Amino acid sequence: MARSVTTQRKTLNTVIAWGIGLLIFFPILWTILTSFKTEAQAIADPPVWFFFDWTLENYRVVQERSNYSRFLWNSVIIAGGSTLLGMMVAIPAAWSMAFVPSTQTKNILLWMLSTKMLPAVGVLYPIYLIFIQLGLLDSRIGLTLVLMLINLPIMVWMLYTYFKEIPGEILEAARMDGAGLRQEILYVLTPMAIPGIASTMLLNIILAWNEAFWTLNLTAARAAPLTAFIASYSSPEGLFYAKLSAASTMAIAPILIIGWFSQKQLVRGLTFGAVK
Amino acid sequence: MSLRKSLYAATAMGLISAVGASADTLTIATVNNGDMIRMQSLSSEFTEATGIALEWVILEENILRQRVTQDIATSGGQFDVMTIGMYETPIWAARDWLVSLDGLPDDYDIDDILPAMRAGLSHEGSLYAAPFYGESSMVMYRTDLMEAAGLEMPEAPTWDDIAEAAAAMTDRDNNINGICIRGRAGWGENMAFITTVANSFGARWFDEDWNAQLDSPEWLEAVTFYNDLLQNYGPAGAANNGFNENLTLFQQGRCGMWIDATVAASFVTNPNDSTVADHVGFALAPNKDGMDKRANWLWAWALAIPAGTQQEAAAMEFINWATSKEYLELVAEREGWANVPPGSRTSLYENPDYAEVPFAAMTLQSINAADPNNPTVDPVPYVGIQYVAIPEWAGIGTSAGQEFSAMVAGQLTPEQALQRAQALVTDEMEAAGY
């Protein structure tokens, strides 16, 4: 009896989990399906699901019209660069807050997070003017810096949470053995916190990849990443859903694949510390 | 170590990308619509002829507007040529943000530009943006449904004709709405349409002393008529419908009529996308019986040069190419006359080949019926038909548009919507010092 209840419950849980999963995945699935339709099929009412003449026409048009590889390369540089640069700052910052806290540590953490509460548009003009002065407009290095700065609070917070789980005694022991500060962070702390660091980096790459305010406002032709590539397929007058879907599918494909392969790492990192 | 190497690599990449573009490359900001994309694909001809390379920044309309405003206001210098509309041109020209196009060569034939377009894109007698394509609005209707209803659409219908046709064609059982018109909030969305209706009913946004006039009986009559049309014969969820939503509905055969931009004519008659391509007729935008202002608007997407560009001469050369008579001939030769960007030049409409395009005559008639310098029955202090060419308009138009959209959604009566709109427009204008 007890066993059948458990089985039933398990089945129910599985069904619910799949249902929620599909619901969340549905917009992406619909985008991918639409990218293989004609513009007329994309807006058909009632909607067509799977049985239509699948066409690669939209991908051909998008390839022909835009230089996809340049947008992709810009995205890779900006997302990757901002993450690496961010980690260089966030790891030491999180280390000091986790292992040598001061009375103000909590306040500093909260203050850092509070910068995320300011709407980005509020600082658009100051940053734009600074970028003009420094000649950073439409440059990958400028965008890398901005994205690093806006994601830094989240990086520090995440790393701080992971580092708090690591016993300070281990670091103390390393120090007793004569490790300097740099060695302590690089050779003792970092290897132990690999899951946390990996998931922080992954989350950051995703955030930077999808960032669509600064990447659209601070770029023109040269440094524009995939967000600008997608934005170029929306139209004020005319049908564009199928081509936009093709562009979106091409833009999310790389990050979707990275996410798929690293999901174990990501889940492990995100739940690290939460189970104890 | 590998971390450090990667970081160096990323920094080096960034530095390489920070190096500026070469001297003879123009950066062009534009919107994604068929005519612009066609121009992009034909632009290799320009590059071959002149050696000037082109970089394209194509953005969604609202993002583009925000992006170029921000760049031009801060002298960011990101763009050498930008696509702007009729609303921005006189305002930006007055602030010296744009380069005057007086330097265009004689063979450009500036007098060939349609007078209404030239008027809307000029400031103090000088042209500041060259029209790439222009549009007005008109009635598109289903000839088969009209025939079935035993009605005939006059070439120049009145609003009464429209209401009668909408009632006759509405067939809720078969999911056919008598009329589809804009309901989504925005100065370039529902307010463009509602303002033209108001103009045709004898209403105006401001009197000659800049006092808001939305509490006038003419406004109430116009807005009530608009609301009744949508409530009785419009599609469900009309409060969210803009150009593309109505285009979709019309192409699927869900609308008896659609009053919107003339540029839509080429979409609804295209058999690849439209299920009703063979059954579309065109008529002038309506007027109110006994009044001579018609409800048609005037808009142009035009190419302008921001002040402060380092490449003024090259930019001028590009505009000369893209908006020339020769460019229209190039498009006709490659893609046929129906795909030539409409509404910019008189000579196009005098061309016998173009006269065979089914919507050509009606487009020209609609554009000629629009006068941005004299948009209303009573005199007004502003320029613009479906907008008011003052910097505050984008804000007040959008706020008022939200009230009217709420009305279409059934949350407000026309009286309430107008009362609220009048209050907020008055406040905004007072704050702006009018």
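The values are calculated or read from the model by the stated rules, or taken from the named source; none is laboratory data. The model shown is predicted, which means the values in this text are computed figures rather than measured ones. Don't worry about glycine lacking a Cβ; one is built from the backbone with ideal geometry, like all the others, and counts go over all protein chains shown.
Details
- Hits in the stretch A:37-56 (condition: in contact (Cβ under 8 Å) with a residue 60 or more places away in the chain and more than 11 Å from chain B (Cβ to nearest Cβ)): A:LYS37
- So B:GLU48, is it facing chain A (nearest Cβ under 10 Å) and either without any contact (Cβ under 8 Å) to a residue 60 or more places away in the chain or in contact with a strand residue (DSSP E or B) (Cβ under 9 Å, 6 or more places away or on another chain) (or both): no
- Extreme residue, surrounded by the most Cβ atoms within 10 Å (Cβ to Cβ), among residues of the stretch B:156-172 that are touching a helix residue (DSSP H, G or I) at 6+ places or on another chain (Cβ under 7 Å) and within 20 Å of B:ASP292 (Cα to Cα): B:TRP159
- Residues that are in the same structural domain as B:SER274 (by TED's automatic domain parsing), aromatic (Phe, Trp, Tyr), in contact (Cβ under 8 Å) with a residue 40 or more places away in the chain and at positive phi occur in the stretch B:193-212; there is at least one.
- Leading residue by the ranking (modelled with the lowest pLDDT) among those in the stretch B:19-45 that are acidic (Asp, Glu) and closer than 15 Å to B:THR323 by Cβ: B:ASP35
- Spans of helices (runs of 4 or more DSSP H) in the stretch B:124-209 with at least 2 residues more than 29 Å from B:VAL388 (Cβ to Cβ): B:143-148, B:159-169
- Exactly one residue among A:ALA208, A:ALA221 is surrounded by 19 or more Cβ atoms within 10 Å (Cβ to Cβ) and under 15 Å from the mean Cα position of the chain (by Cα), and that residue is A:ALA208.
- Subset of the stretch B:239-263 that is under 17 Å from A:ALA242 (Cα atoms) and among the aliphatic types (A, V, I, L, M) - its residue that is farthest from the other protein chains (Cβ to nearest Cβ): B:LEU249
- Answer residue from the stretch A:241-263, given it is of a type in the set (S, T, N, Q) and part of a helix (DSSP H, G or I) and is surrounded by the fewest Cβ atoms within 10 Å (Cβ to Cβ) among those: A:GLN263
- One residue alone among B:ASP273, B:ASP228 is farther than 16 Å from B:ILE181 by Cβ, among the acidic types (Asp, Glu) and touching a helix residue (DSSP H, G or I) at 6+ places or on another chain (Cβ under 9 Å), and that residue is B:ASP273.
- Looking only at the stretch B:68-87, and only at residues there that are without any contact (Cβ under 8 Å) to a residue 24 or more places away in the chain and polar (S, T, N, Q), the one that is farthest from the other protein chains (Cβ to nearest Cβ): B:THR69
- Check on A:LEU226, crowded, with 22+ Cβ neighbours inside 10 Å, under 16 Å from the mean Cα position of the chain (by Cα) and under 30 Å from B:ASN246 (Cα atoms): yes
- Residue check: B:ASP292 meets all listed conditions (1) more than 14 Å from chain A (Cβ to nearest Cβ); (2) modelled with pLDDT of 90 or more; (3) outside any helix (DSSP H, G or I) but one, namely (2).
- Against the test of being more than 27 Å from B:LEU330 (Cα to Cα), under 23 Å from the mean Cα position of the chain (by Cα), free of Cβ contacts under 8 Å to residues at least 12 places away in the same chain and more than 9 Å from chain A (Cβ to nearest Cβ), the options B:ARG65, B:ARG95 yield a single qualifying residue, B:ARG95.
- Scanning the stretch B:390-421 for residues that are surrounded by fewer than 19 Cβ atoms within 10 Å (Cβ to Cβ) and either touching a strand residue (DSSP E or B) at 6+ places or on another chain (Cβ under 7 Å) or over 23 Å from B:ALA239 (Cβ atoms) (or both) returns B:PRO391, B:GLU392.
- Answer residue from the stretch B:213-236, given it is small (Gly, Ala, Ser) and touching a residue at least 12 places away in the same chain (Cβ under 8 Å) and is nearest to B:ARG420 (Cα to Cα) among those: B:SER216
- Only one of B:GLY120, B:GLY125 that is in the same structural domain as B:LEU104 (by TED's automatic domain parsing), at positive phi and modelled with pLDDT under 95: B:GLY125
- Evaluating A:ASN74 against the criteria (1) surrounded by 22 or more Cβ atoms within 10 Å (Cβ to Cβ); (2) more than 10 Å from chain B (Cβ to nearest Cβ) leaves one unmet condition, (2).
- Near pairs, Cβ below 6 angstrom, 6+ apart or cross-chain, from the stretch A:75-96 (touching a residue at least 24 places away in the same chain (Cβ under 8 Å) and under 16 Å from A:TRP209 (Cα atoms)) to any residue that is crowded, with 21+ Cβ neighbours inside 10 Å and β-branched (Val, Ile, Thr): A:ILE78/A:THR144; A:ALA79/A:ILE205; A:GLY81/A:THR144; A:SER82/A:THR144; A:THR83/A:ILE205
- Residue that is modelled with the highest pLDDT, among those in the stretch A:264-276 that are among the small types (Gly, Ala, Ser) and surrounded by 15 or more Cβ atoms within 10 Å (Cβ to Cβ): A:GLY269
- Checked against the criterion of being modelled with pLDDT under 90 and surrounded by fewer than 22 Cβ atoms within 10 Å (Cβ to Cβ), the candidates A:GLY238, A:GLY196 yield just one match: A:GLY238.
- Any hit, the stretch A:157-179, residues being in contact (Cβ under 8 Å) with a residue 40 or more places away in the chain, outside any helix (DSSP H, G or I), buried (at least 17 other Cβ atoms within 10 Å of the Cβ) and out of contact with any Leu (no Cβ under 8 Å at 6 or more places or on another chain): no
- Any hit, the stretch A:103-111, residues being without any contact (Cβ under 8 Å) to a residue 60 or more places away in the chain, over 24 Å from the mean Cα position of the chain (by Cα) and within 14 Å of chain B (Cβ to nearest Cβ): no
Quick grid of which residues meet (1) modelled with pLDDT of 95 or more; (2) basic (Lys, Arg); (3) crowded, with 21+ Cβ neighbours inside 10 Å; (4) closer than 18 Å to A:SER235 by Cβ:
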{"residue": "B:VAL197", "(1), (2), (3), (4)": "yes, no, yes, no"}
{"residue": "B:PHE225", "(1), (2), (3), (4)": "yes, no, no, no"}
{"residue": "B:TYR233", "(1), (2), (3), (4)": "yes, no, yes, no"}
{"residue": "B:GLY242", "(1), (2), (3), (4)": "no, no, no, yes"}
{"residue": "B:GLN251", "(1), (2), (3), (4)": "no, no, yes, yes"}
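- Within the stretch B:128-155, the set of residues being surrounded by fewer than 21 Cβ atoms within 10 Å (Cβ to Cβ) and either among the β-branched types (Val, Ile, Thr) or in the same structural domain as B:MET82 (by TED's automatic domain parsing) (or both) comprises B:THR143 only.
- Residue match in the stretch B:331-342 (condition: buried (at least 23 other Cβ atoms within 10 Å of the Cβ), in a loop (DSSP other than H, G, I, E, B) and either free of Cβ contacts under 8 Å to residues at least 40 places away in the same chain or of a type in the set (Lys, Arg) (or both)): yes
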